[in-house]
Amino acid sequence: MDASDTQAASGAASAVATSTQTLTSKDDQLSIVVDGDFTDVMGSAPKWVDQAQINNLTLLQHDNASNITLAVNNLGAIKIKADEYFKNLADSLKNNKDISNVKVGIATENRMNYRFSHQQNGNLLHESCVALVGNNNLYSVCASSDSAGDDALGATLKTINVQNS
């Protein structure tokens, strides 16, 4: 391989590199900066999320290349203090017999990261999520996949911004 072959190979590799996107929830309250080629799949929501989540969905995107689905649920006004909510959520996750591989991060003032696995449609689905309080509202932001690893799922949730109203 000579120098021109090396340049051509690195040029081809950079052409395959993913682009950065900013996805905005339909209520304009959250924006998420992601790498990939995410497309809106809200029109086929039952294929991607449980029926119980559909009414609260405010963003639903899927990236075919990484096989990651990103879902944002607006859970409404928070009725208790955030730290109490996060403690209750952590306890609920740890005691839920329908999920496995539960890992709960340290809660901050307005967010708590967690991840778990569960069976859905015959596949083991891995989810990395953020429970987030913004503008006195509670949000659940989850990246899920039956093939992507924890690092890829976590990277999808790295940059979440709440619009101040």
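The values are calculated or read from the model by the stated rules, or taken from the named source; none is laboratory data. All values derive from a computational prediction rather than experimental measurement. No Cβ is skipped: glycine too gets one built from the backbone with ideal geometry, and neighbour counts run over all protein chains shown. For accessibility, only protein heavy atoms count, side chains too; no ligands or nucleic acids. Shrake-Rupley method; radii C 1.70, N 1.55, O 1.52, S 1.80 Å.
Filtered by the rule that a residue be farther than 18 Å from Asp83 by Cβ and either loosely packed, with under 14 Cβ neighbours inside 10 Å or charged (D, E, K, R) (or both), segment 121-146 gives Asn121, Gly122, Asn123, Leu124, Glu127, Asp146. Quickly run through segment 152-165 and pick out the residues that are open to solvent by 60 Å² or more (accessible area, probe 1.4 Å), in contact (Cβ under 8 Å) with a residue 60 or more places away in the chain and either outside any strand (DSSP E or B) or farther than 19 Å from Thr58 by Cα (or both). Lys158, Gln163, Ser165, listed by residue number.
When Leu75 is tested against (1) open to solvent by less than 60 Å² (accessible area, probe 1.4 Å); (2) in contact with a Leu (Cβ under 6 Å, 6 or more places away or on another chain); (3) in contact (Cβ under 8 Å) with a residue 40 or more places away in the chain, just one condition goes unmet, and that condition is (1). The set of residues from segment 89-122 being assigned to a strand (DSSP E or B) and farther than 22 Å from Ala155 by Cα comprises Gln119, Gln120.
From the list Gly149, Gly105, which residue is open to solvent by 20 Å² or more (accessible area, probe 1.4 Å), closer than 24 Å to Phe38 by Cβ and either polar (S, T, N, Q) or touching a strand residue (DSSP E or B) at 6+ places or on another chain (Cβ under 7 Å) (or both)? Write out each step before concluding.
Details: Gly149 fails: either polar (S, T, N, Q) or touching a strand residue (DSSP E or B) at 6+ places or on another chain (Cβ under 7 Å) (or both).
Residue meeting the stated conditions: Gly105.
Taking the numbered list (1) more than 17 Å from Ile160 (Cβ to Cβ); (2) at pLDDT 95 or above; (3) in contact with a strand residue (DSSP E or B) (Cβ under 8 Å, 6 or more places away or on another chain) in turn, Asp91 passes all entries but (3).
Annotation: Ser19 fulfils all but one of (1) small (Gly, Ala, Ser); (2) surrounded by 10 or more Cβ atoms within 10 Å (Cβ to Cβ); (3) touching a strand residue (DSSP E or B) at 6+ places or on another chain (Cβ under 8 Å); the unmet one is (2). Looking across segment 110-125, the residues that are in contact with a helix residue (DSSP H, G or I) (Cβ under 7 Å, 6 or more places away or on another chain) and either hydrophobic (A, V, I, L, M, F, W, C) or modelled with pLDDT under 95 (or both) come down to Asn110, Met112, Phe116. If the condition is being more than 18 Å from the chain's Cα centre (by Cα), farther than 26 Å from Gly122 by Cα and surrounded by 11 or more Cβ atoms within 10 Å (Cβ to Cβ), then segment 81-102 contributes Ala82, Asp83, Glu84, Tyr85, Lys87, Asn88, Asp91.
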